[in-house]
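Enquirer: A single structure is presented below for examination.
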Amino acid sequence: MTDSVTDASALPPGQGRYVIRGARPLGGDCADLLIENGLITATGTVDADGAITVDADGLVALPGFVDLHTHLREPGREDAETVFTGSRAAALGGYTAVHAMANSDPVADTAGVVEQVFTLGRDAGWTEVRPVGAVTVGLGGTRLAELGAMADSRARVRVFSDDGMCVHDPVLMRRALEYVKAFDGVIAQHAQEPRLTEGAQMNEGRVSATLGLTGWPAVAEEAIIARDVLLTEHVGSRLHVCHVSTAGSVELIRWAKQRGVRVTAEVTPHHLLLTDEEVTGYDPVYKVNPPLRTADDVRALREGVADGTIDAIGTDHAPHPAQAKECEWSQAAMGMTGLETAFSVVQQTLVETGMLDWAGVARIMSQTPARIGKLPWQGGGLAAGERADVTLVDPAARRVVDPATMATKGRNSPFAGRELPGRVIATFLAGHPTVLDGKSADPRPLPSIAAEATR
Ligand SMILES: [Zn+2]
């Protein structure tokens, strides 16, 4: 791509007129997009005197990506990531919104903490940062957190999760599902039966038996999903299943949807590409919760995305400092980074396999997660009148993943050294470029009130 904007830092901050020339919106025919004052104001062949031109020849234009599952680590673990570094990484990955998981220190279980994370995100200006509220106090699993206060706060929390921990008490799970109905919130469950996974180190199966590592059975995930689907149906609420990882989970969610239960689900990029065979080398970069599963599970997860059973890609971006990963397998922390590689993995596993077209990518990476997270101004269709949250990708590009060049503080990418297709070239957040020419541009702080969230 030859871009007339060669130096992102030369852009006057806040200047509001851009014309994206010759992109293929949602993979369709070439068209221009005119961006003015934060909105897409014209599409097709547009006359744009005085606008800054972004040459998008050969690029696909998609609505800005929305992640339902990001660990930004702030407050408390700024050595691992901050709201600033994590949301900058997200913008480079094509994201215009991320949901920040609640397992910070202190836990995001009060209006005060969610407002702190929300404000840090607005000030950074790389993406929308939507805090996820904890379901239980301190993720302790014994007392319901102040869900209503978080929902009413300036952060307008709509997604609640104890992610990292499972809400395993069925009475608490039932109460939480009932509570969020008042503001059409959703409980995002990390489905892991704790007793069945005590001491578990990897997927339970042939590889764990060979390596002599304690296994993590598929049924530990599936049992919780089955229970929660039935609870959700019983109370008439809304459930989101985090990081689905087994073929059986896909079957259960397919069954629940056929039954009319309001359940949605996400899958991570790493569960779409990697299997438990990776663990054979004992490299802790492959240690993750839920664990990498089998090739049969990978196949079922891809099919689940293709047929709409799985609604969204959730990165489960989980940065760790080097010492937490560069140690023995049994001691290592669980988690992988993902924001800056998610699009490439989706292109490789779903687009290049013919399972999804570009409109499908827009659906699973932007439109449906925006709907689940209650972000009505994101996840559009790139039509005139919509807010200009736009991502330009180059499907023809290829690169070898190098964690040292990433914006995240985490170096724990399971894709390090792999060649992946596709590259994010530009990201526009509310009409302002956060990424140009594949590099960070000057972010602009967002207004401090999420007035949109009440719409
Ligand atoms: Zn989780």
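The values are calculated or read from the model by the stated rules, or taken from the named source; none is laboratory data. What you see is a predicted model; the values in this text were computed from it and never measured. Neighbour counts are summed over all protein chains in view; Cβ atoms, including those assigned to glycine, are modelled from backbone coordinates with ideal geometry. The area values use the complete protein model at the heavy-atom level, side chains included, leaving out ligands, DNA and RNA. Shrake-Rupley method; radii C 1.70, N 1.55, O 1.52, S 1.80 Å.
Enquirer: Based on the mean of other Cβ atoms within 10 Å per residue, sort peptides 176-186, 396-406, 104-114, 306-316 so the most packed one is first.
Expert: 306-316, 104-114, 176-186, 396-406
Enquirer: Also, I was wondering about something else. Of the beta bridges DSSP finds with both residues in the chain, what % are antiparallel, to the nearest 5? Display every interim value, and only then the final one.
Expert: Numbers: 29 of 58 bridges.
Bridges in the chain that DSSP calls antiparallel: roughly 50 percent.
Enquirer: Still on this structure, I have one more. I'd like the Karplus ³J(HN,Hα) series for the stretch 283-292: coefficients 6.51, -1.76, 1.60, θ = phi - 60°, whole numbers in Hz, and an x wherever there's a Gly or Pro.
Expert: For the stretch 283-292, the Karplus curve yields 7, x, 4, 8, 8, 7, 10, x, x, 4 Hz.
Enquirer: Out of all DSSP beta bridges in the stretch 75-215, what portion is antiparallel? Express it as a percent rounded to 5.
Expert: 10
Enquirer: If you take every DSSP beta bridge fully contained in the stretch 9-153, what fraction is antiparallel? Give it as a percent rounded to 5.
Expert: Numbers: 11 of 25 bridges.
The antiparallel proportion sits near 45 percent.
Enquirer: Any chance you could count the Lys pairs in the chain whose alpha carbons are under 26 Å apart, treating pairs 8 or more apart or on different chains as valid?
Expert: Lysine pairs meeting both conditions in the chain amount to 7.
Enquirer: Could you calculate the FRET efficiency of Asp152 with Glu352 from 1/(1 + (r/R0)^6), where r is the beta carbon distance between them and R0 is 45 Å, rounded to 0.05?
Expert: After rounding to 0.05, the efficiency reads 0.50.
Enquirer: How large, in percent, is the carbon and sulfur part of the accessible surface of the chain at a probe radius of 1.4 Å? Each step should come with its number before you reach the end.
Expert: Details: 8000 of 16100 Å².
Carbon plus sulfur share of accessible area: 50 percent.
Enquirer: Ratio of alpha-carbon Rg to the 2.2 N^0.38 Å globular estimate for the stretch 35-91, to two decimals, please.
Expert: Working: Rg = 17.2 Å, N = 57, 2.2 N^0.38 = 10.2 Å.
In units of the 2.2 N^0.38 Å rule of thumb, it is 1.69.
Enquirer: Given points 7 Å out from each Cα along the Cα-Cβ axis, report the Thr405 to Leu211 separation in nanometres with one decimal.
Expert: Taking the two extended label points, one gets 2.9 nm.
Enquirer: What FRET efficiency comes out for the pair Ala322/Asp123, r = Cβ-Cβ distance, R0 = 30 Å, nearest 0.05?
Expert: 0.60
Enquirer: Give me the one-decimal Kirkwood hydrodynamic radius in Å for the stretch 54-188, with the sum taken over alpha-carbon pairs.
Expert: Evaluated on the stretch 54-188, it is 15.2 Å.
Enquirer: Specify, per residue and in Å³, the volume enclosed by the convex hull of the alpha carbon atoms belonging to the chain.
Expert: Expressed per residue, the convex hull around the Cα atoms of the chain is 123 Å³.
Enquirer: Work out the P(r) tail for the stretch 182-230: percent of alpha carbon pairs separated by more than 13 Å, whole number.
Expert: Of all Cα-Cα pairs in the stretch 182-230, 61 percent lie more than 13 Å apart.
Enquirer: Additional query: Just to be sure I follow: if Rg is taken over the C-alpha atoms of the stretch 313-455 and Rh is the Kirkwood radius over the same atoms, what is Rg/Rh?
Expert: On the way: Rg = 16.9 Å, Rh = 17.0 Å.
For the stretch 313-455, the value is 0.99.
Enquirer: With Kirkwood's inverse mean 1/r over C-alpha pairs for Rh, give me the Rg to Rh ratio of the stretch 109-217, two decimals please.
Expert: Using Cα coordinates only, the ratio equals 1.11.
Enquirer: Given a cut-off of 19 Å, what percent of all Cα-Cα pairs of the stretch 205-363 lie beyond it?
Expert: In whole percent, the long-distance tail amounts to 56.
Enquirer: Taking only protein heavy atoms into account and a 1.4 Å probe, give the accessible area per residue of the chain in Å².
Expert: Solvent-accessible surface per residue comes out at 35 Å².
Enquirer: While we're here: Please give me the summed charge of the neighbours of Ala312: other residues whose Cβ is under 13 Å from its Cβ, Lys and Arg +1, Asp and Glu -1.
Expert: Taking every other residue near Ala312 into account, the sum is -2.
Enquirer: Next up: In 10 Å bins starting at zero, report the fraction of Cα pairs in the stretch 163-281 per bin as a rounded %.
Expert: Distribution as computed: 13, 43, 30, 12, 2 percent.
Enquirer: Can you give the FRET efficiency to the nearest 0.05 for Arg143 and Asp29, using r as the Cβ-Cβ distance and R₀ = 60 Å?
Expert: FRET efficiency, Arg143 to Asp29: 0.60.
Enquirer: Would you calculate the separation in nanometres between label points at Asp184 and Ser330, each defined as 7 Å from the Cα along the Cα-to-beta-carbon direction?
Expert: It works out to 5.1 nm between the two label points.
Enquirer: Can you grab the distance from the C-alpha centre of the stretch 127-167 to the C-alpha centre of the stretch 61-126, Å, no decimals?
Expert: Each part's Cα centre sits 14 Å from the other's.
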